[in-house]
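Here, each number is a calculation from the coordinates, and none is a lab measurement. Owing to the predicted nature of the structure, the values given are computational and were not obtained by experimental measurement. Backbone-built Cβ (ideal geometry, glycine too); neighbour counts: all protein chains shown.
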Amino acid sequence: MSAIIEIRELSKNYGGLAAVKHLTLSVDQGELFGFIGPNGAGKTSTLRILATLLRPTGGDAWVAGHSVSLDPRGVRRVIGYMPDFFGVYDDMKVWEYLDFFAACYKIPENERSRLISDLLQLVELDHRREDFVDKLSRGMKQRLSLARTLVHDPQVLILDEPASGLDPRARVEIRELLVELSRMGKTIFFSTQILSDVAEICSRIGILEAGEIVATGSLEALRTQLASHRRVELALLERGEEAIACLNALEGVSNAQLTAGNHTPGRVHLEFHYSGDDPGLSDVLAALQRAGFRVLQFREAGHDLEDVFMRVTKGLVT
Amino acid sequence: MSWIAKLRKNPVVLKELRGRMRGRRAFVVLTAYLMVLSGGISLAFLPLANRSLASGYDLALRQYVGKGIFGLAVLLQFITISFIAPGITAGAIASEREHQTLDILRTTLLSARDLVTGKLMAALSFLFLLLLAAFPIQSLAFLMGGVELEEIVVAAVMLITATVALSAVGVFFSSVLKRTLASTVLAYAVSFLTVAGLPMLLMLLLTIATPVAEFLFMGGSGDLSPVTAVVLLGIAWILVSSNPLIAALATEAILVDSQSLWYYLIPLPSSPQFPNPSDLPVPSPWIGYVLGSLLLSAVLIRVSIRAVRRPEV
């Protein structure tokens, strides 16, 4: 697959403050790419540069081959941008809102009516067609905003925190819409702070901290990258304290301890961290059995995205 | 594509007009404007009409009343437009910025030129509607007579120019400033300066300058060269042309005095080098006002487009 978004050595400084530092990243066609990071990590700056609203201090980015610095109009043709706020026009009906933006993208007048109906159907707002925009709920506004990004059938959607400030139901609806759009062949590059959003729908994620990419890849790939810091849970019949001493003496094992809050009668629950490969982990189990511990359970705890996020970020902000 | 077709195709014009004409606001503004005009004219007209009735048919008086009504209508139109134009243009771009819709617009294929001219044209369409709606009130003057066709045309051209210029000033401040409030304050300040400030300043200058001019031109000091005279006249002409009210009064004076709509001949003082200088033809001040204002408007619109186009640094 070819990269549709290519970011190379991108930097953005505000006075002496570096918001984005030599960012290099590429997103393939058709990907649903989640850009996560804490507040002030530089997500919005990166997205605004991609949307041609902000001039980079250094480096460049290309969307579908158009440089954001040299050919911003070319970029605008192929992207649909949704900022992290909903720009409301008073006195405008839902269909007029889409009609206005369709006209801004030079869609011929005779095609607009059909287009607006299709888009409103897609975002399930066809029943609110004649309502005023400022009367819609926040979730509906966000869906309308998403419909607005689609009026010119762009290849790439750049969405800044599309689910922020929404109630759980609206968030799920937006998430489903993004999946649907991805299925329709759109490349979606979106930022979020809500980890469950990316965990459930993204084909790939990038974690940004203090203006730098600290990890990138599919969630699976990131888990594997972190495999050197695997967490193992085990349950024994008895002799918990002895097992802890035994484990801590083994190579690659650290932080062996009793699991907090897990008190099944007749069982001792332990956990430890292991930095090593699979045969090594198997040897740990063998060592325990050789030492006479009666093992009931021995399993590697899966990393959820929160784990991944907490491990790769250091809590830095620019 | 013709100019009108381009205007029709500009999505901003349609959006703005849709928003402006929806609801009661436009209707209220139009009504208030017409009430101010008709109220003001009624107040001036009634005493004169009574006098006219009392004295029977007096052609000179009727013409005098006609001219008065016409002049007052134009003056009131000018003052009300000076209030309304900044109000509807000073938020043009700044409000988009405040509603955070400017960013969205800037990622579309809508050009900065289309956005700025669309906002201006939509505002002008409404303001021209106000001017047009006042025409029946203005035409009351025609019943009385005394108003020449030239005067009607020049007044219309000057009113249209003032409307364009004040709107351009509003759009300009709205493009270069971030906040609607700041933009509105400055647009009104310029408008107030045009309506009241400049004439007051000119009055002050004239009070000081008249004795000097009398000494130079009439007293015949004898040693004022025609070059100095031309420079002084040029400065005075620019000052007079810079304000629509003063320019209109001067134009009217020239029209009455020399029956010329286009220029006025000013005799230059003689000097030893130029014993018999020929009279200097000076364009009527309304021409200066119209050309100057339109030029200024074009510059302001250009700067506004640049300000909107510029990406954030």
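Listing for the model above:
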item	result
Chain B: relative contact order as a whole-number percent, Cα under 8 Å and 6+ apart	21
Spin-label pair B:D279/B:A156, simplified geometry with 7 Å Cα→Cβ offset, distance in nm	3.0
Pairwise centroid distance, computed over Cα atoms, of the range B:102-163 with the range A:1-63, Å	46
Estimated FRET transfer efficiency when R0 is 22 angstrom, pair B:Y64-B:L249 (beta carbons, to 0.05)	0.85
Against the rule of thumb 2.2 N^0.38 Å, how large the Cα Rg of the range A:123-164 comes out	1.21
222 nm mean residue ellipticity, helices alone, for chain B (DSSP H n ≥ 4; -39,500 (n - 2.57); rounded to 500)	-24500 deg cm²/dmol
Whole-number percent relative contact order across chain A, with pairs defined as alpha carbons under 8 Å at least 6 apart	20
Sorted by Cβ density within 10 Å, fewest first, the residues A:E251, A:E96	A:E251, A:E96
B:L61, A:L144 arranged by Cβ crowding within 10 Å, fewest neighbours leading	B:L61, A:L144
For the range A:261-302: rounded, prolate or oblate by the Cα gyration tensor [a/c cutoff 1.5]	oblate
Global geometry of the protein assembly as shown, whether rounded, prolate or oblate, following the gyration tensor of its Cα atoms and the 1.5 cut on a/c	prolate
The range B:119-213, relative contact order [Cα under 8 Å, separation at least 6], %	26
Gyration tensor (alpha-carbon) shape descriptor, chain B, a/c threshold 1.5	oblate
Cut-off 19 Å, label 7 Å out along Cα→Cβ of A:N13, residues of the range A:182-219 by amide N	A:210-213
Pairwise label distance in nanometres, B:L149 with A:D126, each label 7 Å out on the Cα-Cβ vector	6.1
Simple spin-label estimate for A:R299 and A:D118 in nanometres, 7 Å along Cα-Cβ	4.7
Structure-based [θ]222 nm, chain A - -39500 (n - 2.57) summed over DSSP H runs of at least 4, per residue, nearest 500	-10500 deg cm²/dmol
Least to most buried among B:R309, B:R62 (fewest other Cβ within 10 Å first)	B:R309, B:R62
Rounded FRET efficiency, nearest 0.05, which uses the C-beta distance separating B:R310 from B:R179 and R0 of 25 Å	0.90
Dipole magnitude of the range B:66-142 about its Cα centre (Cβ charges: Lys, Arg +1; Asp, Glu -1), debye to nearest 20	200
Dipole of chain B, positive direction: furthest Cα of B:V65, B:F135, B:L204, with charges on the beta-carbon	B:F135
Estimated FRET transfer efficiency when R0 is 51 angstrom, pair B:R25-A:S254 (beta carbons, to 0.05)	0.10
The range A:137-215-the range A:75-89 distance, computed between alpha-carbon centres (Å)	12
Additional length obtainable on full extension of the chain from A:T264 to A:E176, 0.36 nm per residue less Cα span	27.8 nm
From phi via Karplus (6.51, -1.76, 1.60), per-residue ³J(HN,Hα) for the range B:181-189 in Hz, x at Gly/Pro	4, 4, 4, 5, 4, 5, 4, 5, 4
